[in-house]
Amino acid sequence: MPLLQVEDLHVAYGAIRAIQGISFHIEAGEIVTLIGANGAGKSTTLRTVSGLLRPMQGDVLYQGRSITRTSPERIVKMGISQVPEGRLIFSSLTVLENLEMGAYTRKDKNEIRDTMKQVFTSFPRLEERRTQLGGTLSGGEQQMLAMGRGLMSRPRLLLLDEPSMGLAPILVDEIFEIIKTINAQGTSILLVEQNAAMALSVADRAYVLETGRTVLEGDAKELLHNPEVREAYLG
Amino acid sequence: MRKLSLPSWIPTLIVGLIVFFGVLYARDNGHISAYRYQIFQIAVIASISALGLNLIYGFNGQFSLGHIGFYAIGAYSSALITKDYQMAWSGSRAGALAWMMAGQFGIIAGLALIRMLRLDRLRRKITQSTSSYLKEHETRMVCLLPVLFIVAAVIGLGVVATLGAHALLDPGLNALVEGLSDNVARNVIFVLAILNGGTMAALVAYLVGLPLLRLGSDYFGIATLGFAIMVFTGLQNSDMVIDTMRGARGMVAIPTWTTWGWVMATFALLVFLMRNLLRSSHGRAMISVREDEIAAQSMGVDVNQLKTMAFTVGGLFAGVGGALYAHLYGFLHPSTFNIIRGFDPLIIIVLGGLGSMTGTILAGVGVVVLIEELRVILPQGFEDWRFVIYPIILLLVMLLRSEGLMGTREWGWFRTPVPPERDIPLSTRQPATPATAASSEDV
C-alpha cells in the first residue's frame, strides 16, 4: 500500500479549474517530485493533500484512508506536514517560538524537545539564531526555519512547496542536501519545484504536470535525460 | 549575560501596588479630589476594555469596530442585576440574576447540543445518498429541512433548559439574598453582576463571532460596526422590552458600588489571565493566526476556533469593563455607547501598540487622564479645545511612532519569558558554541 495515493483529483477555485485529473502515488521512504510550469497546478495539489483546499472530484488516500474530507488539523496529526510556498514564517515570533508552533498538535514536552534537538542537528544555523525574530532572518535561513518548523510535527510525509524559490544557487544546493538528509532519516517527501533539474537530481520518481493534468511520469533519473523534459523544463 | 536575576513579576507587582496604594493614600489625605479619584477608575476600566480589543485586533489580527457593543451589554446586564437587588424591579430581588443565568445556561446547553449532533455529518450523509439522482442545489434544499427542524427542536430544548434552570436558581438565589447579611449579600451580588456582565458579553461575542469571523478582516470590521449600531439602537428602545432600562431617557438608580479597590482587583485578575493565555500555546497560536493564517493552518492550528476564542475572551473583557463602568456613576445612557465612542478603545490600542499589553495599559490610563486633565489645564471657556489638542497629540504620536508607544514590546512580567539556557535544547554537536555566543550578543 502506498503511503499517499492521489486518484483523479479535480480542484477548482470558484469557476477556474486548477486541476483536472491528477493521479500519483508516493511509497514510504521515497522522494517524489511534481514539476511543471507556472500554473500547472503543483501548489494546488499540495494544498489539497494538506487539506487547505477541498477537491471537487477524486480522492486522496493516506495509508489507505481517504483524507479528502479531513480537517487540516487532523491531517497534520496523522503525519502530513506542509512547508508552504513563500515560507510564511511567523516574523514576530522568535526562531524557537516558530519551531514550537510547528509542534502545535503535539503535547509531550519531552518528545518535542527531542525533535527540536534533531531539527537543530539538521539546521545548525537555526540553533545559532534561536532567540532571533523570524522576520530578521535571511531568505535561506527562513527557508530552513520553515522546513524545521514543518519537521516539528514529526511527519511521515513532508510536503515541500518551492523550497528553492528566491534563494542564491549556493543556498539551493545546501537546501537540497538537507532534503536528502531528511529523507535518509526516514521521512518521505513530496517536492514541488520550478527548478526541475535540481528536483529531478534528488528525487526517486517524478511526475510532470501541465495545465492541471499529469502528462508524464517515471524514474527521476530517466526523466532528467528525457529529451522532451530537457527541452521544456531544463532549458 | 543578565546581571540581575530578579523574577520579572516582582517589579511589576511592586509598581502595581504602588499605584494602588498611592491613589488610595492620595484620596484619603485629600491630595486628589473625588473627581480625580473617579477619573483614575475610568482610566483603568478603559484599559480593561481596550485589553480585550487588543487581544482581538492586536494579537489575533481581527479588526473589530464592535467592541463598544460588548461594553454596553456588560454595563446594562450587570446594572439590571444590581438594580434588581436594590429595587426588586423584576418582582424579586434576585429575579433578574436568576433569569440571566438561566438564559445563559439555556443558550450554552443548546449550543453544546448542536455541536454534539454533528449537523455537518448529517448533511454529508444526505449529500452522499442523494448525489446520484439530485442536483447540487436540490440536495441543499433537501438538507435544509432536517437542519431547520433540528435547530427548531434545539431552540425549544434550550427554552426548556432555561425555564428549568430558572425554576432551580430563582428560589435559591432569592433565599441567598434574603439569608445573608446585607453587606455580604451586596458584595456577592456585585461580584455575580460583574461576572454576568462579562459572560453575557462573551456569549454574545461568541454568537456574533461564529458567522462574522468567517469574513475577511475588513469585512469583519464593517460587520462588527453593524453589530455596535444594532446594540446602540436596541438600547435606545430598550424600554419597550424592559421598562426599567428606560431607553433613550437613560437608566437611573444603579447602585454606585464601584470603588478603586474593585476596579484594581478586577484589573489585576484579568491582566493575570490574559498574560497567561497569551503565553500559552493557544496564545502563541492566536499570534500565528495574525501573522499568517495559511501558515498557521498548515501547522495544524484550527484558525476559526482560535479567532472565536480571542473574540469571545475579548468580549468578556469589554463586558467586565462595562459592568464596572455602570456602577461608577449609577447612570447609563445609550449615547455613552454610540459608535463614535466605540473608537476610543481602538485609539488606545493603536496608540499603545498593537500586540502589547503594557502599551495598552499605559495608553488607556494616559488617554483618559489626558482628556480630563486638559479640562483643568485649559483656561476657562476653552475647555472644548481639548478635542483639538488631543487629536493633534494623536497625530503627532502616529507620525513619530507609527507602531505605537510600545510596538509589540512588553515590560516586566508581561514579557515572553526567555527560556533559561538549560531549557533550550542544544544539539550534541560541539562547534556551535562560539557562534552561539556571538549571535546572542547582537540580538
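The values are calculated or read from the model by the stated rules, or taken from the named source; none is laboratory data. This structure is a prediction, so every number in the text was calculated from the model and none was measured. Positions of Cβ are backbone-derived with ideal geometry, glycine not excepted, and every protein chain shown enters the neighbour counts. Surface areas here come from the heavy atoms of the whole protein model, side chains and all, with no ligands, DNA or RNA. Shrake-Rupley method; radii C 1.70, N 1.55, O 1.52, S 1.80 Å.
What the table below lists for this structure:
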item: Single residue of the stretch A:14-71 satisfying the filter (assigned to a strand (DSSP E or B) and free of Cβ contacts under 8 Å to residues at least 12 places away in the same chain) that is least open to solvent (accessible area, probe 1.4 Å); result: A:66
item: Residue count, the stretch A:72-88 (criterion: outside any helix (DSSP H, G or I), open to solvent by 20 Å² or more (accessible area, probe 1.4 Å) and more than 7 Å from chain B (Cβ to nearest Cβ)); result: 3
item: Checking residue B:32 against (1) assigned to a loop (DSSP other than H, G, I, E, B); (2) open to solvent by 40 Å² or more (accessible area, probe 1.4 Å), the condition it does not meet; result: (2)
item: Residue in the stretch A:204-213 that is over 30 Å from residue A:16 (Cα atoms) and not in a helix (DSSP H, G or I) present; result: yes
item: Qualifying positions in the stretch B:179-190 - within 15 Å of residue B:254 (Cα to Cα) and open to solvent by 60 Å² or more (accessible area, probe 1.4 Å); result: B:186
item: Considering residues of the stretch B:260-302 that are outside any helix (DSSP H, G or I) and either aliphatic (A, V, I, L, M) or modelled with pLDDT of 95 or more (or both) only, the residue surrounded by the most Cβ atoms within 10 Å (Cβ to Cβ); result: B:299
item: Single residue of the stretch B:36-64 satisfying the filter (in contact with a Lys or Arg (Cβ under 9 Å, 6 or more places away or on another chain) and not in a helix (DSSP H, G or I)) that is farthest from residue B:291 (Cα to Cα); result: B:62
item: Per-region count, the stretch A:89-98, residues assigned to a loop (DSSP other than H, G, I, E, B) and of a type outside the set (S, T, N, Q); result: 3
item: Search result, residues across the stretch A:101-115 that are open to solvent by 10 Å² or more (accessible area, probe 1.4 Å) and either of a type in the set (Gly, Ala, Ser) or facing chain B (nearest Cβ under 7 Å) (or both); result: A:104, A:105, A:113
item: So residue A:65, is it out of contact with any strand residue (DSSP E or B) (no Cβ under 8 Å at 6 or more places or on another chain), farther than 27 Å from residue B:291 by Cβ and more than 12 Å from every other protein chain (Cβ to nearest Cβ); result: yes
item: Cβ-Cβ under 7 Å pairs, at least 6 apart or on other chains, the stretch B:15-40 side farther than 17 Å from residue B:258 by Cα, far side assigned to a loop (DSSP other than H, G, I, E, B); result: B:26/B:32
item: Some residue of the stretch B:317-336 being among the hydroxyl-bearing types (Ser, Thr, Tyr), under 30 Å from residue B:24 (Cβ atoms), at pLDDT below 95 and open to solvent by less than 50 Å² (accessible area, probe 1.4 Å); result: yes
item: Matching residues in the stretch A:123-168 - criterion: being among the hydroxyl-bearing types (Ser, Thr, Tyr), within 11 Å of chain B (Cβ to nearest Cβ) and surrounded by fewer than 19 Cβ atoms within 10 Å (Cβ to Cβ); result: A:131, A:136
item: Some residue of the stretch B:146-168 being open to solvent by 70 Å² or more (accessible area, probe 1.4 Å) and not in a helix (DSSP H, G or I); result: no
item: Flag if residue B:93 is of a type in the set (Lys, Arg), surrounded by 13 or more Cβ atoms within 10 Å (Cβ to Cβ) and within 30 Å of residue B:328 (Cα to Cα); result: yes
item: Any hit, the stretch A:175-186, residues being assigned to a loop (DSSP other than H, G, I, E, B), buried (at least 21 other Cβ atoms within 10 Å of the Cβ) and away from chain B (no Cβ under 14 Å); result: no
item: Top-ranked residue of the stretch B:339-388 - restricted to ones that are more than 18 Å from the chain's Cα centre (by Cα) and of a type in the set (D, E, K, R), ranked as nearest to residue B:46 (Cα to Cα); result: B:372
item: Residue in the stretch B:383-393 that is away from chain A (no Cβ under 14 Å), among the aromatic types (Phe, Trp, Tyr), more than 30 Å from residue B:275 (Cα to Cα) and not in a helix (DSSP H, G or I) present; result: no
item: Any chance residue A:220 is open to solvent by less than 20 Å² (accessible area, probe 1.4 Å), in contact (Cβ under 8 Å) with a residue 24 or more places away in the chain and small (Gly, Ala, Ser); result: yes
item: Condition check for residue B:73: open to solvent by 10 Å² or more (accessible area, probe 1.4 Å), at pLDDT 95 or above and assigned to a helix (DSSP H, G or I); result: yes
item: Scope the stretch B:191-205; condition within 16 Å of the chain's Cα centre (by Cα) and buried (at least 20 other Cβ atoms within 10 Å of the Cβ); matching residues; result: B:193, B:194, B:196, B:197, B:198, B:199, B:200, B:201, B:202, B:203, B:204, B:205
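For every residue, the table says whether it meets (1) under 20 Å from the mean Cα position of the chain (by Cα); (2) within 17 Å of residue B:187 (Cα to Cα); (3) acidic (Asp, Glu).
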| site | (1), (2), (3) |
| --- | --- |
| B:246 | no, no, no |
| B:252 | no, no, no |
| B:256 | no, yes, no |
| B:262 | yes, yes, no |
| B:265 | yes, yes, no |
| B:274 | yes, no, no |
| B:287 | yes, no, no |
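For (1) touching a residue at least 12 places away in the same chain (Cβ under 8 Å); (2) of a type in the set (S, T, N, Q), each residue gets a yes or a no:
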residue: A:124; (1), (2): no, no
residue: A:142; (1), (2): yes, yes
residue: A:149; (1), (2): yes, no
residue: A:164; (1), (2): yes, yes
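For every residue, the table says whether it meets (1) within 14 Å of chain A (Cβ to nearest Cβ); (2) touching a Phe, Trp or Tyr at 6+ places or on another chain (Cβ under 9 Å); (3) on the phi < 0 side of the Ramachandran plot.
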site	(1), (2), (3)
B:283	yes, yes, yes
B:315	no, yes, yes
B:331	no, no, yes
B:335	no, yes, yes
B:345	no, yes, yes
B:348	no, no, yes
